[in-house]
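The values are calculated or read from the model by the stated rules, or taken from the named source; none is laboratory data. Just so you know, these numbers come straight off a predicted model, no measurement behind them. All Cβ positions, even for glycine, are placed from backbone atoms using ideal geometry, and neighbour counts span all protein chains on display. Only protein heavy atoms, including side chains, enter the accessible area calculation; ligands, DNA and RNA are left aside. Shrake-Rupley method; radii C 1.70, N 1.55, O 1.52, S 1.80 Å.
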Amino acid sequence: MKKRLLVMPFFAFFLLVGCNILEPIQEEPFFGKGIVTIKFLQINDVYEIAPLQGGKYGGMARVAYVRDSIKERNPNTFLFMAGDFLNPSLLGNLKKDGEPIKGKQMVEVMNAMDFDLVTFGNHEFDLTEEELQKRLDESTFPWVSSNVLHVTPDGTKRPFETKLEMGKEPISDYKTLFVKDSLGNEVRFGFIGLTLDSNPKEYVHYGNIYKQAKRAHDLVYPKVDFVIGLTHLTIDQDHELAKELPGIPLIMGGHEHVSNLEREGNTVIAKADANAISMYIHTLVYNLRTQVLYVNSKIMYLDEKVPLQSNVDRLVKKWNEVLDTELSKVVSNTNEVIYRPKTPLDGTDSANRSIQTNLGDKVTESMAFAYNYKVDAALVNGGSFRVDDMLSGSLTSVDVFRVLPFGGSVLKVDMKGELLKEVLDYGKSQRGNGAYLQRYKISQNTSGDWLIGGKTINYKKTYTIALSDFLLKGLDIPFLTENNGGVVKIYEPEENELAFDIRKSLISYLKSI
């Protein structure tokens, strides 16, 4: 009968200083016969393969360098991705050789990095069924998912599949890995993978997180010495998972985009910053004789002091050439610093689809700026912001393209006050969805009346509104089309005008403030 695993978690925060990253991370708390030291390297919510903010932070080549450096000293080193990497990204919304990229660049880079295990995030299912299957078939790294199934066209629920040289392989609901000590003694550890159900799609079935977690845990536990969670859940769900399965020593999670290290009972819960601005290094020291497991979790910030791994960097540069070709069609100097926000700009999906954000303030005012403020107000759908990230530090044009990868024009639309009220009411009713509206010079009083410039909307008056061209297509707001009787006049900007591309409007506005 297996002994009860005793977990001894302890935390350590590590801020990278100097260029030698090997010295601090090679330190081990324990040595000796029967002691096995394992390194788990964790990243999550990585949308961009290249470093951000002019090369200062993040980048998959830096992750690869850290992993290679650690693995050289300790062969028992493993690299994990806790969901959200196929979408959204600036590159993913472009085309290469006539085909939408849609995460292809990320899979190619991750293949070169030899990831040991990944799980689904909610944004993986932004892709169509066909697009996701292509990325799964291209991936050479293993996946795990305990609560997500593929719903086929005939309604059958079965595991998603990856492509092998001779056929297909179902994605397992648990995975096992193992290491050996210097005497040949083997330590086995299992993984369960869990994803929150925040992105409903017809081709995806989400099983109950805790029920499926326990099922997968109970399947793998008899085969291993301990079980680890690789999750893409909210932090509250991770805590609940730790309560449901108190024997799990470590949950490597994602979704929040901000680094977090917490404890629930004997379970360590860790989340790194999005876009590999940071990564977690978990040192697991296991005593085979006493079956005591020590967990030491350190955060490492990946900045300019961390070198780029050459092989991965070459791939990143190859894809950046594709990106630069497209961006140069809109702006000449993509790496120019255009703005340094005092407070991070909130580009997260959850915020921009539910509340007025400081990023929404900037984008909508830039739309008015494009017309020299000769409009009464401005509106854009929150779903057009695709970065799903907090923007801080020195922002460049590339960051603007990350926010608004689809571009599009800013129209100047004269519309009747009655229609404007209907549009605003509908946008408010869509809280939590992409049709929720970010606004400039529009507010609502405690009585529920809509105000423009502090004055109640006059239903009989005609207002001039700066509007994203997408909104006038009737896709997010079905009745808002150019044929609506409440639309009096539409001005479409010429190619030489600032309003022709909403991204140019935002770049110019940010440079002016």
Checklist outcome for this item: Given the candidates 480, 228, 41, the one whose Cα lies deepest towards the positive end of the charge dipole of the chain, counting +1 at each Lys or Arg C-beta and -1 at each Asp or Glu C-beta, is 228
Checklist outcome for this item: Dipole check, the range 358-510, charges on Cβ (K,R +1; D,E -1), about Cα centroid: among 447, 505, 491 the Cα furthest to the positive pole belongs to 447
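Out of all DSSP beta bridges with both ends in the range 81-169, state the antiparallel percent to the nearest 5.
Values: 7 of 9 bridges.
Roughly 80 percent of the DSSP beta bridges within the range 81-169 come out antiparallel.
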Item to check | Acute angle (nearest 10 degrees) that the helix 209-220 long axis makes with the longest principal axis of the chain, alpha-carbon atoms | outcome: 30
Checklist outcome for this item: Ordered by number, the chymotrypsin sites (Phe, Trp or Tyr not before Pro) in the range 380-474 that occupy a DSSP loop and have at most 16 other Cβ atoms within 10 Å are 406, 459
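Using helices alone, what [θ] at 222 nm do you get for the chain, with -39,500 (n - 2.57) per DSSP H run of 4 or more residues, divided over all residues and rounded to the nearest 500? If you can, show how the numbers build up before the last one.
Details: 12 runs with 125 residues, N = 513.
Rounded to the nearest 500, it is -7500 deg cm²/dmol.
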Checklist entry - Normalised by the number of residues in the chain, what is the relative contact order in percent for Cα pairs under 8 Å and 6+ residues apart? => result 16
Item to check | Correct choice for volume of the Cα convex hull per residue in Å³ that was computed from the model, options (i) 139; (ii) 184; (iii) 169 | outcome: (iii)
Checklist entry - Can you flag which of 211/271; 168/317; 362/489; 56/134 are past 28 Å Cα-Cα? => result 168/317; 56/134
Checklist outcome for this item: Taking Cα atoms, the helix 310-327 axis meets the longest principal axis of the chain at an angle in degrees (rounded to 10) of 10
Next on the checklist: Can you compute the modelled spin-label distance between residue 304 and residue 361, with each label point 7 Å from Cα toward Cβ, in nm?
Outcome noted: 3.0
Checklist entry - Measuring from the lowest to the highest alpha carbon on each principal axis, how far does the range 403-492 reach, largest first, in angstroms? => result 36, 30, 21
Next on the checklist: Could you tell me the center-to-center distance, by alpha carbons, between the range 467-503 and the range 256-296 in angstrom?
Outcome noted: 49
Checklist entry - For the chain, what is the accessible area per residue in Å², given a 1.4 Å probe and the full set of protein chains? => result 43
Item to check | Pairwise centroid distance, computed over Cα atoms, of the range 412-452 with the range 334-369, Å | outcome: 19
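If I compute solvent accessible area with a 1.4 Å probe over the protein chains, what percent of it on the chain is carbon and sulfur?
Working: 10650 of 21870 Å².
Taking all protein chains in place, the chain shows 49 percent carbon and sulfur surface.
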Next on the checklist: What do you get for the angle between helix 60-73 and the principal long axis of the chain? Use alpha-carbon atoms, 0 to 90 degrees, nearest ten.
Outcome noted: 10
Checklist entry - Using Cα pairs under 8 angstrom and six or more residues apart, how large is the relative contact order of the range 68-162, in percent? => result 26
